[in-house]
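The structure appears below as structure tokens.
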Amino acid sequence: MLESVPVNLWSTDAHLNITFSQGAGLHLIGTSANEQVGMTLYEVLKTRDPSTTPLAAHLKALQGELVRYETDWRGRSFETRVEPLRAADGKITGTVGIAIDVTDRKSLYEALQTQNVYFAALFENAPEAIAILDGHDHIIRINGQFTTMFGFSDDEALGRSINDLIVPKELVEEGESLTARVTAGEKLRTETLRRHKDGHTLWVAIAATPFGVADQPGRVYAMYHDISARKRAEDELKALLLVDQLTGLHNRRAFITLSEQTLKLATRQERDVLMIFIDVDHLKDINDTHGHLVGDRALIDTARVLRESTREADLVARLGGDEFVALMIVDSDQTAELVCERITARVESHNSEIDRGYKLSLSLGAKRSTAEGTMLADLLAQADTALYEQKRGRGRPHALSR
């Protein structure tokens, strides 16, 4: 047994002469069984300094103490125990010691310690905010970037529910669902809103993955990346794609998208819709006579007149060039005529208030229709036809009959 286990076992007499030495661990330090028998411990240790740990332990054992210590010997590490060796009458006659070679275990422990330090540094210094949660959404650990991003310190966060801490109230159900999915084994990526300590919200990309530690319940490793700047850029890009840059009105793309929603809403409400087609009269003459900057001013003025003549809920857009359009949900048969008259009156008021060197003039063509079953393209075409008739002087700037 002693020859198969990395253990060294020895004994000495009262004068520290080695009387027994066995164990497979001897081979690890280049010594064979009983090779040191007959030698003194001083000779083996090559010192008489009583403060040397192994020698001090044996001297204490001769005084009746049991001593444990760790030592390195010939490039190996040992956990050692030395105790008194007693005769039948209880008298101390020497010492007996056992040393277990723990070199491999110690190396593994040191490697694990180094790895733990390494991963702790990676965790703490990661560029992403990180939170480790238990299966009930409670925070076990956060890193410095989490504090930077959300404003909560360790003392404020640990043990708290992540949903109580950073999830807006209206999204708590979503937050609980996300954690449940991850603890059930799902790896998850999503983008959503989270709340800072001071109350403002920020857009974050979340990457969450499940992990377990031994037989402990499931854990969630969640990383948060602030994407607020990207979301703002996306919103700005969408605005650029949907807004006419000169007038600030919706552009053609936005009008087509939003008008479909208006038609659906009017259908649900069982109401009619009114489409008004508008263009700026003599825009080419204004450009030729006064220059394109003045022509642009005429378009900007037209946009202002239309905004001031319609309700906030009405959809007003510039289709391009000198063409504008307005779509609204209506009730009364008189609405078309009233809206057109209101636009005309606002143009007259504009001309009396502001002298641009020309008179702003708009042509209007309107078409009223039931919303249900109405196609946007047909409604636009009919309003355009009404505009054409009005410009030729054969129509009036109000809704055509159905």
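Would you check if GLU337 is touching a residue at least 40 places away in the same chain (Cβ under 8 Å), in contact with a Phe, Trp or Tyr (Cβ under 9 Å, 6 or more places away or on another chain), surrounded by fewer than 21 Cβ atoms within 10 Å (Cβ to Cβ) and charged (D, E, K, R)? It would help to see each step written out before you state the result.
Details: touching a residue at least 40 places away in the same chain (Cβ under 8 Å): yes; in contact with a Phe, Trp or Tyr (Cβ under 9 Å, 6 or more places away or on another chain): no; surrounded by fewer than 21 Cβ atoms within 10 Å (Cβ to Cβ): yes; charged (D, E, K, R): yes.
No; evaluated as a whole, the condition is false for this residue.
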Given the condition hydroxyl-bearing (Ser, Thr, Tyr) and open to solvent by less than 30 Å² (accessible area, probe 1.4 Å), answer yes or no: does some residue in region 310-333 qualify?
yes
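One line per residue, one yes/no per condition, for (1) touching a Gly at 6+ places or on another chain (Cβ under 9 Å); (2) acidic (Asp, Glu):
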site: ILE98; (1), (2): yes, no
site: ASN125; (1), (2): yes, no
site: GLN145; (1), (2): no, no
site: PHE150; (1), (2): no, no
site: GLU156; (1), (2): no, yes
site: GLU170; (1), (2): no, yes
site: GLU176; (1), (2): no, yes
site: ALA180; (1), (2): yes, no
site: LEU188; (1), (2): no, no
Can THR179 be described as among the polar types (S, T, N, Q), outside any strand (DSSP E or B) and touching a residue at least 24 places away in the same chain (Cβ under 8 Å)?
yes
Quick check: anything in region 318-331 modelled with pLDDT under 95, under 25 Å from GLN261 (Cβ atoms), among the charged types (D, E, K, R) and part of a loop (DSSP other than H, G, I, E, B)?
yes
In region 272-284, anything touching a residue at least 24 places away in the same chain (Cβ under 8 Å) and over 13 Å from LEU327 (Cα atoms) is listed as ASP279, VAL280, ASP281, HIS282, LEU283
Selection from region 164-183 of residues that are open to solvent by 90 Å² or more (accessible area, probe 1.4 Å), over 11 Å from ASP137 (Cα atoms) and not basic (Lys, Arg):
GLU170, GLU173
Could you tell me whether region 368-376 includes any residue that is in contact with a His (Cβ under 6 Å, 6 or more places away or on another chain) and more than 19 Å from LEU249 (Cβ to Cβ)?
no
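Filter the helices (runs of 4 or more DSSP H) completely within region 13-94 down to those with at least 1 residues that are touching a residue at least 40 places away in the same chain (Cβ under 8 Å) and not aromatic (Phe, Trp, Tyr).
Helices (runs of 4 or more DSSP H) meeting the threshold: 25-28, 53-62.
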Could you please let me know if ARG271 is farther than 20 Å from THR374 by Cβ, at pLDDT below 90 and surrounded by fewer than 18 Cβ atoms within 10 Å (Cβ to Cβ)?
no
Would you point out the residue of region 190-226, among those that are among the charged types (D, E, K, R) and out of contact with any Gly (no Cβ under 7 Å at 6 or more places or on another chain), that is nearest to GLY151 (Cα to Cα)?
ARG195
Return the residue satisfying two criteria in turn: it lies in region 111-160 and is open to solvent by less than 50 Å² (accessible area, probe 1.4 Å), at pLDDT 85 or above and part of a helix (DSSP H, G or I), and of such residues it is nearest to MET223 (Cα to Cα).
PHE146
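Hey, any hits in region 15-30 for a residue that's open to solvent by 50 Å² or more (accessible area, probe 1.4 Å), modelled with pLDDT of 90 or more and not β-branched (Val, Ile, Thr)?
Residues of region 15-30 that are open to solvent by 50 Å² or more (accessible area, probe 1.4 Å), as a first pass: 15, 19-20, 27-28, 30.
When the remaining residues are screened for being modelled with pLDDT of 90 or more, the result is 15, 19.
Add one more test, that the residue is not β-branched (Val, Ile, Thr), and what stays is 15.
The answer is yes; a qualifying residue exists.
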Give just the number: which of (1) touching a residue at least 12 places away in the same chain (Cβ under 8 Å); (2) of a type in the set (S, T, N, Q); (3) open to solvent by less than 60 Å² (accessible area, probe 1.4 Å) does THR289 not satisfy?
(3)
Checked region 177-190 for anything modelled with pLDDT of 90 or more and in contact with a helix residue (DSSP H, G or I) (Cβ under 8 Å, 6 or more places away or on another chain); matches are LEU188, THR190
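Can you tell me which residue within region 208-263, out of those that are charged (D, E, K, R) and in contact (Cβ under 8 Å) with a residue 60 or more places away in the chain, is most open to solvent (accessible area, probe 1.4 Å)? Can you show your working first?
Quick first cut of region 208-263, residues charged (D, E, K, R) only: 215, 219, 226, 230-232, 234-236, 238, 244, 252-253, 260.
Keeping just the survivors that are in contact (Cβ under 8 Å) with a residue 60 or more places away in the chain gives 219, 226, 244, 252, 260.
Working: ARG219: 41, ASP226: 70, ASP244: 24, ARG252: 114, GLU260: 81 Å².
Across region 208-263, the extreme among qualifying residues is ARG252.
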Quick check: is even one residue across region 366-383 at pLDDT 85 or above, open to solvent by less than 40 Å² (accessible area, probe 1.4 Å) and either of a type in the set (Phe, Trp, Tyr) or over 51 Å from the mean Cα position of the chain (by Cα) (or both)?
no
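Could you please find all residues in region 355-390 being hydrophobic (A, V, I, L, M, F, W, C) and either free of Cβ contacts under 8 Å to residues at least 60 places away in the same chain or more than 20 Å from ILE256 (Cβ to Cβ) (or both)?
At the first step, the residues of region 355-390 found to be hydrophobic (A, V, I, L, M, F, W, C) are 360, 362, 364, 366, 371, 375-377, 379-381, 383, 386-387.
Listed by number, the residues that qualify are LEU360, LEU362, LEU364, MET375, ALA377, ALA381.
The values are calculated or read from the model by the stated rules, or taken from the named source; none is laboratory data. Please read all numbers here as calculations on a predicted model, not as lab measurements. Neighbour counts run over all protein chains shown; Cβ positions are idealised from the backbone, glycine included. What goes into the accessible areas is simple: the full protein's heavy atoms, side chains included, and nothing from ligands, DNA or RNA. Shrake-Rupley method; radii C 1.70, N 1.55, O 1.52, S 1.80 Å.
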